[in-house]
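Student: If you scroll down you'll find the structure; I have some questions about it.
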Amino acid sequence: MNDGLFFKIKLLLRSRTVPVIFLRRFSYKTIKRATNDFSRVITTSSNGTSYKARFEGDHAAVVKEIHLIDQEDDFFYREVQLLGRLNHRHVVSLTGFSVGQKKYPTLFLILYQINQFAFVSLITTFYFSSRFRFLIFENVENGSLKEHLNDPLRTPLNWRIRLKIAVGVAAALEYLHFFCDPPVYHVSISSNTIMLDENFDAKLSDVGLLGSGSDQVMAWRTSSSNETNGQVYGNIMYQLGLLILELITGQSSEKTGPDLIQWIEESCFPTSMDNMIDPDLGNNYDSRELKGLLAVARFCIKSVDKPNAYNYTPQIYRYLQRKVSIHTAWR
């Protein structure tokens with residue numbers, strides 16, 4: 001093989017990253033064993049698959065496979081460092097990661113003897129396609145909000161728990177936007193990405209560029225790759241508004257999102273709000289708190305095109321605390 005060919009392969013395979021030393025790094029073998037040979041699937045999307053895992057010591061966790069096409073490990077490590085430093089009671093904690101390269105097959109040696117240029121092309125393709133990257137998150141006891149709202153076999157969430165979830169999500173957004181350095185604006189909010197712990201406290205599970213475990217962002221309002229920061233902030237507020245409407249009505253925003261938006265934007269919506277309340281709640285809710293929650297939802301929906309929407313996060317959090325009389329600790 002000529003020197004130029006050697007250099008190209010060496011450049012491709014070398015690692016320019018610094019390992020993340022404050023998080024535990026798991027081996028591929030350990031991940032495979034903890035997920036029972038990757039059979040304990042939770043969800044699957046174009047971004048990767050999430051698995052239930054049980055490590056030594058009966059430690060339960062969630063393992064998220066990360067698909068990064070044509071991306072080297074530098075980007076992965078930077079995002080792992082960012083996620084690993086997040087520390088808030090309403091954000092799911094990253095507890096470890098796994099990254100590496102699967103072994104090259106003997107076929108490569110044979111191919112090199114036949115055609116050196118084809119060898120370089122194949123090894124380049126194989127390098128990116130055979131990389132494995134996993135994130136290990138804390139296990140959240142009670143599953144997703146979506147399960148509790150949509151599963152008829154589960155006990156319906158009462159009004160106080162729904163209020164607590166809304167306040168918790170707002171508290172997490174304030175932390176991510178104003179108390180993180182750098183601020184974290186890559187957040188997906190939906191009933192599918194809000195997890196509930198044993199006390200039914202909400203935890204955001206879809207944070208950062210690597211955190212996404214779902215394809216759903218907003219089916220009826222997509223974001224382009226060149227969207228401005230203002231649009232990113234507005235979309236977060238928009239998603240928060242949809243989540244609040246889903247808490248109130250019990251209707252899935254994935255299926256009835258446009259209808260919910262149309263209803264909240266109508267000038268006569270206050271006269272019909274009692275008809276939109278989740279039947280599972282019956283009359284067990286506070287009308288004053290309902291009006292306050294709907295006011296926040298409407299404000300969030302209308303903030304979607306405002307470039308400084310992120311500045312409203314602390315105001316929304318304080319307003320919710322005051323109107324619904326529920327407080328949550330910063331950490």
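Laboratory data are not the source of any read-out in this text; all were calculated from the coordinates shown. Computed from a prediction, not measured in an experiment: that's the story for all the values here. Neighbour counts are summed over all protein chains in view; Cβ atoms, including those assigned to glycine, are modelled from backbone coordinates with ideal geometry.
Student: Which shape class applies to region 53-98: rounded if a/c is under 1.5, otherwise prolate when a/b exceeds b/c and oblate if not, where a ≥ b ≥ c are the square roots of the Cα gyration tensor eigenvalues? Each step should come with its number before you reach the end.
Tutor: On the way: a/c = 2.52, a/b = 1.38, b/c = 1.82.
Here region 53-98 falls in the oblate category.
Student: On to the next question. Peptides 186-195, 33-42, 83-92, 139-148: what's the order by average Cβ count within 10 Å, highest mean first? Walk me through the numbers on the way to the answer.
Tutor: On the way: 186-195: 22.8, 33-42: 14.2, 83-92: 19.8, 139-148: 18.0.
Result, highest mean Cβ count within 10 Å first: 186-195, 83-92, 139-148, 33-42.
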